[in-house]
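Below is one structure, written out as structure tokens; comments come after it.
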Amino acid sequence: MTSDTEHSPVILDVADTALTAADRRRLAHPLTGGVILFARNWQDRAQLLELTAAIKAVRADLLICVDHEGGRVQRFRTDGFTHLPPMRALGTLWMDDGRQGAGSGALRATDAATAVGYVLASELRACGVDFAFAPVLDLDWQAGAGAASVSRVIGDRAFHRDPRVVALLAKSVAHGMLQAGMAHCGKHFPGHGFVAADSHTDVPVDRRGLRAILADDAAPYAWLSNTLSAVMPAHVIYPRVDGRPAGFSRKWLQEILRERLRFGGAIFSDDLSMEGARRIDGQVVGYADASLAALDAGCDLVLLCNQSLVGEGAAQGRVLDDLLDGLELARTQGRWRPSADSEARRLALLPQTLPHPWDELMLEPAYLRALECLP
């Protein structure tokens, strides 16, 4: 890499349980910064460890990521992986003081949340995974509690309706992940829980004003600005603040998240293949243009998921090649300037310690204690 291209912003996917020649070529590209794994990339622990080792053999600095929150968003569920609870279970525990007196439920919940984070991260790291997109900071809006309707995409992925509870439980999960040597990502800034539409298939719109959003859904980001390793913005439009979805908005990412809330960690775009990312300023855009818009708005890294299987034969995954080629062309033409600061934020997400091998982890006292604390 030459000095003017030292920024690897693209997080892409791979096709199967082992790398293809096309996967290796794309992972070796200097603009590729990491890979996101899915359930299709999983067979068992031995296979996952071989896959992650093969990725690192291409480039040791690649960030291996996964959506692994617990509940219904957990990519690896068999061959010894602990079935983690949905985050709402921790919020429910917070509210249950039982016979132990006021506040005891909250204390048990924070301890359990730390245990969830430790188990989640230590099991992933034992299989060569560097980073998980967790925890969710969206609020658990319920019908009749002020939201137009319940969010279909968030639901029990959220801890609680109260942003104070969300912040403390999320901080506890993050603490557990950090104890296991893994960074973390709060999502989906400034909040996806209030809108019913799913940004995977629609373009959600939240018509509240900035003051209401900052006082409620976005409050955990202000309280955790010195805690969070990374943030992922929502593919939601908040028209009273900006006409663009948050992940493409300089106002949201630069003026509010960076300057007003003082967040200094990495910013990931959400998946650019989602419907909520395909329309900017009322126009349907391609993946390269969406990536450029996200990077220009303030994202350090951009995700394009589930595209390695698109197409047939030699054209399979061509969308990923088009994205990399488009970014390279934009750099050459001066329409995009790589950011050394963004690259430093990406590298800071890589684990700094060696993981416990799986068999050792199964006997590790901290891991065994954490398992006992799970709700």
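Here, each number is a calculation from the coordinates, and none is a lab measurement. On a predicted model such as this, the values are computed, not experimentally measured, just so you know. Please note: Cβ atoms are built from the backbone with ideal geometry, for glycine as well, and neighbour counts cover all protein chains shown.
Basic side chains Lys and Arg get +1 at the Cβ, acidic Asp and Glu get -1 at the Cβ, and with that the dipole of segment 3-373 about its Cα centre reaches some 780 debye. Could you calculate the FRET efficiency of Glu6 with Asp111 from 1/(1 + (r/R0)^6), where r is the beta carbon distance between them and R0 is 51 Å, rounded to 0.05? The value I calculate is 0.75.
Shape of segment 3-373 from its Cα gyration tensor (a ≥ b ≥ c, root eigenvalues): rounded if a/c is under 1.5, otherwise prolate when a/b > b/c, or oblate? Oblate is the answer for segment 3-373, as a/c is 1.5 or above yet b/c matches or exceeds a/b. Counting every other Cβ atom within 10 Å of each residue's Cβ, Ser342, Ser229 order from fewest to most as Ser229, Ser342.
Taken along the Cα-to-beta-carbon direction at a fixed 7 Å, the label points for Val205 and Ala18 span 5.0 nm. For segment 309-375, the percent of C-alpha pairs falling in each 10 Å distance bin, counted from 0 to the bin holding the largest distance, reads 15, 20, 21, 21, 20, 3.
Apply 1/(1 + (r/R0)^6) to the Cβ-Cβ distance of Leu329 and Phe38, taking R0 = 22 Å, and write down the FRET efficiency to the nearest 0.05. Here the calculated transfer efficiency is 0.15.
Across the chain, Cα pairs under 8 Å and at least six residues apart give a relative contact order of 18 percent. With an 8 Å cut-off on Cα pairs and a minimum separation of 6 or more residues, tell me the relative contact order of segment 151-271 in percent. Once normalised by length, the contact order is 26 percent. Helical content of the chain, expressed as a calculated mean residue ellipticity at 222 nm, amounts to -10500 deg cm²/dmol (DSSP H runs of 4 or more residues, -39,500 (n - 2.57) each, divided by residue number, nearest 500).
Taking the Cα centre of each part, how many Å lie between segment 3-76 and segment 300-340? So the separation of the two Cα centres works out to 15 Å. Label-to-label distance, Asp96 versus Arg369, with points set 7 angstrom from Cα along the beta-carbon direction: 2.3 nm. Please enumerate, by chain and number, the aspartates and glutamates with C-alpha under 14 Å from the C-alpha of Lys251, excluding those fewer than 8 residues away in the same chain. Reachable aspartates and glutamates: Asp242, Glu259, Asp296. Of the DSSP H helices in the chain, those with a Cα length along their own long axis of 30 Å or more and a mean Kyte-Doolittle hydropathy reaching -0.5 comprise 104-126. Taking 21 Å as the straight-line reach from the Cα of Lys171, the lysines in range (excluding those fewer than 8 positions away in the same chain) are Lys187.
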